[in-house]
1. So for segment 64-76 (the condition being of a type outside the set (Phe, Trp, Tyr), in a helix (DSSP H, G or I), touching a Pro at 6+ places or on another chain (Cβ under 9 Å) and modelled with pLDDT of 80 or more), does at least one residue qualify?
2. Is it the case that LEU138 is under 30 Å from GLY154 (Cα atoms), open to solvent by 70 Å² or more (accessible area, probe 1.4 Å) and at pLDDT 80 or above?
3. Could you tell me which of the residues LEU101, LEU126 is among the aliphatic types (A, V, I, L, M) and either at pLDDT 75 or above or in contact with a helix residue (DSSP H, G or I) (Cβ under 7 Å, 6 or more places away or on another chain) (or both)?
4. Mind checking whether some residue in segment 36-59 is in a loop (DSSP other than H, G, I, E, B), modelled with pLDDT of 90 or more, closer than 17 Å to VAL83 by Cα and under 21 Å from the mean Cα position of the chain (by Cα)?
5. Tell me yes or no: at least one residue of segment 18-35 is in contact with a His (Cβ under 6 Å, 6 or more places away or on another chain), of a type in the set (S, T, N, Q), modelled with pLDDT of 90 or more and open to solvent by 40 Å² or more (accessible area, probe 1.4 Å).
6. From LYS147, LYS143, LYS152, LYS164, grab the single residue that is within 22 Å of the chain's Cα centre (by Cα) and modelled with pLDDT under 90.
7. Within segment 153-168, work out how many residues are crowded, with 16+ Cβ neighbours inside 10 Å and part of a loop (DSSP other than H, G, I, E, B).
Amino acid sequence: MTYNAVDIAWAAGFFEGEGCFSSTGGKRPAPDASVCGTDKETIDKFHQIMGFGTLTVADKSKYGWKTMYTWHAHGFEKFQATVAILWPHLSPRRKKRIQELMADVKQYWLGGDGRRGRYKRTPKQLRSDRKTCPQCGLTKNKKNFGKNKAEKDGYKCYCKDCRKVGGK
């Protein structure tokens, strides 16, 4: 696709004002770029300039609000394409946010052992045999925590006693 420099500059400016770079939370983080607004024409123009992404509509009229239109570029490839197109025109604040997101996502997907879904564990985390449960507040031996390879330290967040009581 051929991009018009003026249109790309407009899209970057629109994204600066209305857009957001974020990451889906949970156990499988993925980068996401989105722009939302109440003017359908501007969201459609942004979508047309980008040439990819998903458009969604949230009808809020029953609450007395305007309908919200949103463009999403979810997933690593679409996020990268968005960044590549808009990068020259983005502010330093946005560029820093992109770098932070990419570092977080990279840490999960390309962890220290090279296997997807494994957080890179720091030597200090590996050496420590104690962990604090956020529910009961007690610091216990890691043997009192279940194993979870997706967590940074390799153990579940809550201790076995709290998990039995709370069903977590």
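1. no
2. In short, yes.
3. Only one candidate qualifies: LEU101.
4. yes
5. no
6. Result: LYS152 is the single residue among LYS147, LYS143, LYS152, LYS164 that is within 22 Å of the chain's Cα centre (by Cα) and modelled with pLDDT under 90.
7. Total satisfying the criteria: 2.
For every residue, the table says whether it meets (1) open to solvent by 70 Å² or more (accessible area, probe 1.4 Å); (2) in contact with a strand residue (DSSP E or B) (Cβ under 9 Å, 6 or more places away or on another chain).
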{"residue": "GLY53", "(1), (2)": "no, yes"}
{"residue": "VAL57", "(1), (2)": "yes, yes"}
{"residue": "TYR63", "(1), (2)": "yes, no"}
{"residue": "GLY75", "(1), (2)": "no, yes"}
{"residue": "LYS78", "(1), (2)": "yes, yes"}
{"residue": "VAL83", "(1), (2)": "no, yes"}
{"residue": "PRO88", "(1), (2)": "yes, no"}
{"residue": "LYS95", "(1), (2)": "no, no"}
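The values are calculated or read from the model by the stated rules, or taken from the named source; none is laboratory data. Here the structure is a predicted model, which is why all the values come from computation and not from measurement. Note that we place each Cβ from the backbone using ideal geometry, even for glycine, and neighbour counts take in every protein chain shown. Each accessible area value is taken on the protein alone, full model and side chains, heavy atoms only, with ligands, DNA and RNA left out. Shrake-Rupley method; radii C 1.70, N 1.55, O 1.52, S 1.80 Å.
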